[in-house]
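Participant: Pasting a structure here, questions to come.
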Amino acid sequence: MESWSGRNRRMAELTSMMNIGREMAKKLRSVGISSAEELIAAGPEQAFARLRGRYPRVCLVHLYALEGAVSQTEFNSLSEEKKRELKRFSDGLAEASCGEI
């Protein structure tokens, strides 16, 4: 498996990552993540939190896609344990935003 940092010095396009299409890349760029390296550095949870802040209707599948992109795994092939972990994170964001005024 080739690492993203092992590629040439140019920043890799978001759409070069597994699970990241044009629409997801556009949303990520709108929250300040414009390359594969920036997504990896932010991590899937932080990227999802930024997306959720700007696009409240992003759902858990978006978080699965981000995790899959970073780990180079099809989002529907994530382990059940990883999916539960990500769901807890997503639920925590929802609870935190419900408490805001």
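Where a number appears in this text, it was derived from the coordinates with a stated rule and is not lab data. Everything quoted here is computed from the prediction, not taken from an experiment. Cβ placement follows ideal geometry from the backbone for every residue including glycine, while neighbour counts extend to all protein chains displayed.
Participant: Along segment 15-21, what does the Karplus equation 6.51 cos²θ - 1.76 cosθ + 1.60 (θ = phi - 60°) give for ³J(HN,Hα), rounded to whole Hz, x for Gly and Pro?
Facilitator: Karplus-based 3J(HN,Hα) across segment 15-21 equals 5, 7, 8, 4, 6, 10, x Hz.
Participant: Related question: Pairing the Cα long axis of helix 80-98 with the longest principal axis of the chain, what angle in degrees results, from 0 to 90 and rounded to the nearest 10?
Facilitator: Relative to the chain, helix 80-98 is tipped by roughly 50 degrees.
Participant: Let me ask something else. How far is helix 60-71 tilted, in degrees, relative to the longest principal axis of the Cα atoms in the chain, given as a value from 0 to 90 rounded to the nearest 10?
Facilitator: For helix 60-71, the angle is close to 30 degrees.
Participant: Could you derive backbone 3J(HN,Hα) for segment 26-40 from the dihedral phi with the Karplus parameters 6.51, -1.76 and 1.60 (θ = phi - 60°), listing whole Hz in sequence and x where the residue is Gly or Pro?
Facilitator: In residue order, the calculated couplings are 4, 5, 4, 4, 5, 10, x, 10, 10, 8, 4, 4, 5, 5, 4 Hz.
Participant: Of the GluC sites (Glu not before Pro) in segment 29-101, which ones lie in a loop per DSSP and count no more than 14 other C-beta atoms within 10 Å? If you can, show how the numbers build up before the last one.
Facilitator: Values: sites: 37, 38, 45, 67, 74, 80, 81, 85, 95, 100; in loops: 74, 100.
Taking segment 29-101 and a limit of 14 other Cβ atoms within 10 Å, the loop GluC sites (Glu not before Pro) found are 74, 100.
Participant: What number does the chain give for Rg over Rh if you use C-alpha atoms and the Kirkwood radius? Write out the running numbers ahead of the final one.
Facilitator: On the way: Rg = 13.5 Å, Rh = 13.9 Å.
Rg/Rh: 0.98.
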